[in-house]
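Below: the structure, in structure tokens.
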Amino acid sequence: MDQTNKPNEITNVVRMQGIVKRFPGVLANNQVDFELRRGEVHALLGENGAGKSTLMNVLAGLYRPDGGTVIVNDKVVNFSSPRDAINAGIGMVHQHFMLVPSQSVTENVLLGLDEPRFRMHLPRYNRKIAEIAGQYGLHVDPAAKIWQLSVGEQQRVEILKMLYRGADVLIMDEPTAVLAPSEIEELFKTLRSMTAQGKSIVFISHKLHEVMEISDRVTVLQKGVVTSACLPISSVTRADLARLMVGREVVFRVEKKHVEPGEVVLSVKDLQADNDKGLPALRGVSLDVREGEVVGLAGVAGNGQSELAETLVGLRPVLGGKVIVNQKDVTNKPVKFGIRQGVSLIPADRTQVGTAPNLSVTDNVIMKKYDQAPIGQGWMVNALEANKYAAELKEAYDIMVPTVDTSVRLLSGGNLQKVILAREISSEPKLMIAVQPTRGLDVGAIEGVQRLLLAQRADGAAILLISEELEELLSLSDRVYVIYEGGIMGEVADGDIEKIGQMMTGTRLEQIEMQGEA
Amino acid sequence: MDFVLVILASGVATGTVLLYATVGEIFSERSGVLNLGVEGMMLVGAMTAYKVTAATSDPWLGLLAAMLAAGAVSQVHAFIAITLQADQVVSGLALNFLATGLSLVLGEGLTSLRDVVPTLPSFTISLLSQIPWLGRILFTKQSVMVYVGYIFIPLAWYYINRTRPGMHLRSVGEYPAAADSLGISVFSLRYFYVFVGGMMAGLAGATISLSISPGWFAALTTAGQGWIAVGLVIFAQWNPARAAVGAYTFGALRRLVLDIQGPTTLLGFANPFFYNPYYGFFLKMLPYAFTVVVLVIGSREANRKRIGTPAALGLPYIRGQRGL
């Protein structure tokens, strides 16, 4: 083991002092201090928009700070590009991978380097990269093309890229957001093996349990300011961290009233559909949702969730199987037919699917009502009625906009989601399909959205909640289905997170139970 | 048999023009920039080559001038498409009008110089021409540009697929944000490869006017071959080796529809195409119609195999949109 890793010889590899970073209208970082020791995992915790990524983008050379100093290995540095940062031993793994899909792992690792001189010598570099990968337990085939790899493997390539460039400090921006539980385990193992070999890691996250598990120390940011710096993780509890992050006590579980499930509203039988590339995305999905029930659909992103939502509302052709809503067959019926049966969709993509960005709040909320009295009058839309209706919704759902004539593209994520929820809920849906309804929202907005969904449940609506946030699924849902590669792996009613995790990586419920008995 | 060999041999010569233009456009598109101005740039090349050669009596100097001139013209498109981030289709079409007009104006009066201007040499490679059939087709009395083409195909393929600069070229056309994040300058690489594409188009034009069918005949000099080249890029799936297959096939096809009108008999029957003006027009249309057919088939196949098209083709690269 590296001698620098002895606990009595603590060295700071990175110190950031008084970092200020402004964006138009926002002070993203206000006098932020940060330090990183050799061989530690330092978590940077905070809500969305707290300034975690901004701070680390400064360290990684993507942003230039408006004030403050960055000191790396006792030298003041002034990075003007990511390349400078990498040369100083600092590498960042972004949330969105920077990999060329059509090229091999080796090619991606070598991209932008001064080697090889001209010829690629691929076999030689394949061996070299496999060697480094083995050293840190990053299992990936150097000759494989990026598009053939799973998300977890792609992340390993990103890490390899930085290690190959000799990075001693690795910044991981919400690395677990895209991973399945087993892949998260693997990642944590890799991170530990890297710190054991003297590397330092900044772990950006807003997931408390992961921060508790992996990090040695934690720095909490709130609205661009450090609320507590460099706390040893052993000295805090999860509740402490939550309070530091949000600035108030947080209830982890939303209050959920008991509702007796009623009739089956949505019944899906052996549903099959293709994705945009024409490859099978749904391979025989069957599920039921009843009145007064929130049914969760868990799964790692890209296992057919978005295709399922689109198929259910009629946006994507059904190639096999049936979709039945309130005893009516809506398979391959027009979207409008589904809407008349009380189907409502809260899409994952708020700006492209959920709203028309350049239209006003009014135009966006009347999209399901424009042809009904009093707003619709024959050929015409009654603008006065429409505005009145929009103003009512603005009031009822607490949408923060100056006027209802404002274009929705100017709204924040939380307000935009309120616009969508206002429109969908006021259409009094029998079936609500909510895809990632709280993604990217801050804690306050998340609570609001979750309350609205539960209120719908109490009113007897059937809700299919598709989400990648396991905690949210477990706290809201009465039952959880797990989808993997377009097939339902099983159904859990008791919130057994172990089982869900195993199913998310492709083990069927029957197999898990058989193993349990054996 | 002789008739077939003659058509194939002259088809290879004609196809060489398409080969240069197509591979040039492959370089440009692999970097992510669609340049529809190939036809115009070829005309600039053909005109410049002819004019400079007429003035200096040195066809090699003409060739060099043609490449530089067409390369310079291509930078207009590069500026509009890369720096100003305008629509590449519109800009490419505009470049086409500009370049065509430019070459017609500057080429005024060159038509009468036919047979006075020296051309690039043609020769037979004695050893290789002994190979039965292939020797007659590929290595007998061909233009020096044809031979250069043979060497050029594998080199271009190797450069794109097996070298470091080639990997950088592919990465800026596939995922410029990734290349940018690793310190590769997307802008300068794209400018460079648009310039390479322009130079190759100029080379293709010069190959026509100085060698394959010497002379300057205004817009008829290229007669739409630049457009065929743009189509061949898709057929080639952005691969120089496939581009060669396509270019030579189209070259042979072009020769066939011209030469089939010559002989009085075909396979012992009276030749229905013998200087028949109606069939003549129909035949001249065939290569272009065939382009459409090949494009339809080729792009379906490319779709099915999920290969080929550079992912960032036609999209301007804007730094802020790297998703941070």
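Quick check on the range A:174-193. Is at least one of its residues of a type outside the set (F, W, Y), without any contact (Cβ under 8 Å) to a residue 60 or more places away in the chain and in a loop (DSSP other than H, G, I, E, B)?
Checked against the condition, which is being of a type outside the set (F, W, Y), without any contact (Cβ under 8 Å) to a residue 60 or more places away in the chain and in a loop (DSSP other than H, G, I, E, B), the range A:174-193 yields at least one hit.
Go through the range A:86-123 residue by residue and tally those that are out of contact with any Asp or Glu (no Cβ under 8 Å at 6 or more places or on another chain) and polar (S, T, N, Q).
4
Yes/no per residue for (1) out of contact with any Lys or Arg (no Cβ under 8 Å at 6 or more places or on another chain); (2) acidic (D, E); (3) facing another protein chain (nearest Cβ under 9 Å):
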site	(1), (2), (3)
A:P82	yes, no, yes
A:F97	yes, no, yes
A:Q103	no, no, yes
A:T106	yes, no, no
A:V109	no, no, no
A:I132	yes, no, no
A:D141	yes, yes, no
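Being of a type in the set (G, A, S), under 26 Å from A:K418 (Cα atoms) and in contact with a Leu (Cβ under 9 Å, 6 or more places away or on another chain) is the filter; apply it to the range A:305-356 and report the residue that is modelled with the lowest pLDDT.
A:G354
Check the range A:319-330 and report whether any residue there is charged (D, E, K, R) and more than 22 Å from A:E424 (Cβ to Cβ).
Yes.
So which residues in the range A:342-377 are touching a Ser or Thr at 6+ places or on another chain (Cβ under 9 Å) and in contact (Cβ under 8 Å) with a residue 60 or more places away in the chain?
Selection gives A:G342, A:S344, A:P347, A:A348, A:V365.
Of all the residues that make up the range A:179-204, how many are touching a Gly at 6+ places or on another chain (Cβ under 8 Å) and either of a type in the set (G, A, S) or over 20 Å from A:R38 (Cα atoms) (or both)?
Result for the range A:179-204: 10.
For the range A:1-116, please list each of the helices (runs of 4 or more DSSP H) lying entirely inside it that holds at least 1 residues being within 26 Å of the chain's Cα centre (by Cα) and modelled with pLDDT under 85.
Passing ranges, in order: A:82-87.
Could you count how many residues in the range B:138-165 are of a type outside the set (K, R) and at the interface with chain A (Cβ under 8 Å from one of its Cβ atoms)?
Residues flagged as of a type outside the set (K, R) and at the interface with chain A (Cβ under 8 Å from one of its Cβ atoms) within the range B:138-165 amount to 2.
Every residue, every condition in (1) assigned to a helix (DSSP H, G or I); (2) in contact with a strand residue (DSSP E or B) (Cβ under 9 Å, 6 or more places away or on another chain); (3) surrounded by 24 or more Cβ atoms within 10 Å (Cβ to Cβ), yes or no:
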residue	(1), (2), (3)
B:L8	yes, no, no
B:G11	yes, no, no
B:G15	yes, no, yes
B:A21	yes, no, yes
B:E25	yes, no, yes
B:V33	no, no, yes
B:L36	no, no, no
B:M41	yes, no, yes
B:V44	yes, no, yes
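Restricting attention to the range A:130-173, which residues are among the β-branched types (V, I, T) and assigned to a helix (DSSP H, G or I)?
A:I132, A:I146, A:V151, A:V157, A:I159 - these are the residues of the range A:130-173 that are among the β-branched types (V, I, T) and assigned to a helix (DSSP H, G or I).
The values are calculated or read from the model by the stated rules, or taken from the named source; none is laboratory data. Treat the numbers as computed from the prediction; the structure is a model and nothing was measured. Every residue, glycine as well, gets a Cβ built from its backbone with ideal geometry; the counts of neighbours run over all protein chains shown.
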